[in-house]
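Shown next, in structure tokens, is the structure this report addresses.
The values are calculated or read from the model by the stated rules, or taken from the named source; none is laboratory data. Just so you know, these numbers come straight off a predicted model, no measurement behind them. Virtual Cβ from ideal backbone geometry, glycine too; neighbours counted across all protein chains shown.
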Amino acid sequence: MKTRIIGAILAIVLAVAGGVAIYMYVAGADARASRGAELIEAYVVTEPVPQGTASEALREALAVDELPRNAVPEDAVTDLGDLDGLVTSADLLPGDVLRQARFVDPADAVAGGVAVPEGMQLMSFTLPADRVVGGQVAPGDKIGLVGTIDPDEVGDQEDVVNPISSFAFHGVLVTRVQGVVGVDPETGEETDQSSDSAIMLTIALSAHDIERWVWFTEGEAADYAQMWLTLENEATDNSGTSPVDGNAAFQ
């Protein structure tokens, strides 16, 4: 009996010791991971802030935190005074680093969008959320487009399908993001669809780039076969890209 009690006590002691050892290892790993990483202060959102909020009204929803430099965007706000008179161009979520790109002049925040750069034109299109970075894109963001085409093969290979995928655009400004309104096929009434199912984006492009973008939306792209979007930022590295077909997909 005593042997069993002693064994049980030893088991508890070992379990506690093991837990302490694991905690110390994890804490040490975190310390090792951050050792040598330069930490800088940044404003971080602590509670949801709706689009159109005046900068002066969101100060209570901010906190100053120390973050690794590579986790802080280049346009991170360092002086709240720089935002005076501006409003948010998109919803801000807890954990977001406060960025200059998410603020616009109230006069430019028309219909939930952002100002159109001089010389640009607007166009809209709709894609499922999983092709729009899960719906994370907001007005003021910059996006890229990966397009896929199915070129006609020649000669004996004309029936072979060997699609080619490649980046066609980088740094495209998003001016507005909307959920899509559908129609109930039984009642004919309009129904609001969740942004999880379909998202309409309005973007700003030059005249020729609009022609190029529309090219990807035609034909087979009607069933979203040819377009995937990426969310880019100031630190995005777009070098090293090249067209990918069946011969290069596994390299």
For the stretch 49-68, pairs from a residue that is more than 13 Å from LEU92 (Cα to Cα) to a residue that is among the β-branched types (Val, Ile, Thr) and not in a strand (DSSP E or B), with Cβ under 7 Å and 6 or more apart or across chains, are ALA63/THR46
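Collect the residues in the stretch 79-92 that are aliphatic (A, V, I, L, M) and within 10 Å of ALA138 (Cβ to Cβ), keeping them in residue-number order.
Those that are aliphatic (A, V, I, L, M) and within 10 Å of ALA138 (Cβ to Cβ): ALA90, LEU92.
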Considering only strands (runs of 3 or more DSSP E) wholly within the stretch 182-251, the ones with at least 1 residues that are among the acidic types (Asp, Glu) and either more than 18 Å from ASP141 (Cβ to Cβ) or at pLDDT 80 or above (or both) are 190-192, 227-232
Filtering the stretch 109-125 for residues that are more than 26 Å from PRO243 (Cβ to Cβ) and either surrounded by 15 or more Cβ atoms within 10 Å (Cβ to Cβ) or modelled with pLDDT of 85 or more (or both) leaves a count of 11
For LEU145, the lone unmet condition from (1) exposed (fewer than 14 other Cβ atoms within 10 Å of the Cβ); (2) in the same structural domain as TRP228 (by the TED database) is (1)
All-but-one check, LEU80 against (1) of a type in the set (A, V, I, L, M, F, W, C); (2) over 23 Å from the mean Cα position of the chain (by Cα); (3) surrounded by 18 or more Cβ atoms within 10 Å (Cβ to Cβ), failing number (3)
